[in-house]
Amino acid sequence: MNNGVFRRIENDDMPEGSKERFWEDIKRNTNIDDTCKKVQMIRVSKLWRNWKSKVKSMYFTPYRRHRSWLLAHCPARVEEDQWPILVDYWSSEDVKKQSKINSKNRKKQKMPHRTGRKDHVNLREELRIKTGKEPSKLDVFIHSRQGKQMDELTSQTIATMNEEIQKLPETSRDDNFVKDILYENILGPEKPGRLRTYGVGATPKDVYRMSNNMNAGQKKAFEDAVNEKVEIIRGELREEMNSKLADFKEELIAQFEARMRASTCDLASLQRREMNAAKQSQISDSLEVGDRMNREVGTNDAEINKCEMNKKVSSIADILENHHTKKKRSRTTCKRLA
């Protein structure tokens, strides 16, 4: 547009007349109706802020110490009579202080989405077409943050979400109501008048068709529906927990029986080893006794053999002595005869 609307940048808020002209121009070029005006005006305000930020970063910040040069070089898309006002505004101490605060707050923002220029509204529509059902806040968060180069906090948060989903009963894992509760339990409750993962300007009233002006009957019907859903989930959780508890009990019994069998086998094996050891000890003792007896018997045999040998030697000596005596007597007899 070339009607000067984009060129009015000296105020934080766009003039109301400019907003209305924008809205009329949007309606002429699209098929949307007045129900979309709130969201579209928020988008226009965001474009307004982005434009001012771009002008400041390109034409003011690099030369902020040279006021005379700044005043002499007005950007082509800014009204010349507005440029000095804008330079004075950005140079004021209050704006500098607020700018530092905003910069710090921006750096504190964690887990940014990774969908580039695709907003949550378009991402929701893509997921709805792909899955055939409306995605939950948790689904949109995971799909808008996951990627190859996730920071540690984002990675841990998504892992926690997936772990909590797996803890749910199978019948509740695809329930948006349950997953939205999970989402808020992990990332905190919604702030008043805002609703995350639904795009710019979305509120609980817009999404859930809730209103502060609901009568008592409507409020009671809504609360009853919520309580009924909660009771269904509790019942499913109880059933699943009882089933898991029974399975766990059976597993414990099986482990106990296996350990008892193993203990019995170990005891029998120990007893066999002890019996074998006792037998081996008895055999060793018997062999030692046998060896000792053999040694004693060998000693006795040697003594007996020695005695017998001595007897034989004595007998031979007696024979020789008798023979010598007889021979001597024979010689004496011969001498006498001669």
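The values are calculated or read from the model by the stated rules, or taken from the named source; none is laboratory data. Owing to the predicted nature of the structure, the values given are computational and were not obtained by experimental measurement. Heads up, the Cβs are rebuilt from the backbone with ideal geometry, glycines too, and the neighbour counts pull from every protein chain shown. These area figures cover heavy atoms from the full protein model, side chains too; ligands, DNA and RNA do not enter into them. Shrake-Rupley method; radii C 1.70, N 1.55, O 1.52, S 1.80 Å.
A few comments on the model shown:
- Per residue, the accessible area of segment 71-134 comes to 79 Å² when a 1.4 Å probe rolls over the protein heavy atoms.
- Over segment 40-191, relative contact order from alpha-carbon pairs under 8 Å, at least 6 apart, %: 15 percent
- Above-threshold pairs, the threshold being 27 Å between Cα atoms, out of 56/118; 37/179; 110/229: 37/179; 110/229
- Accessible area ranking (1.4 Å probe, heavy atoms, ligands and nucleic acids excluded), largest first, for 21, 117, 28: 117, 28, 21.
- Net charge, residue 25 excluded, C-beta distance under 14 Å - Lys, Arg +1, Asp, Glu -1: +4
- Its Cα centre serving as origin, segment 12-131 has a Cβ charge dipole (Lys and Arg +1, Asp and Glu -1) of approximately 1080 debye.
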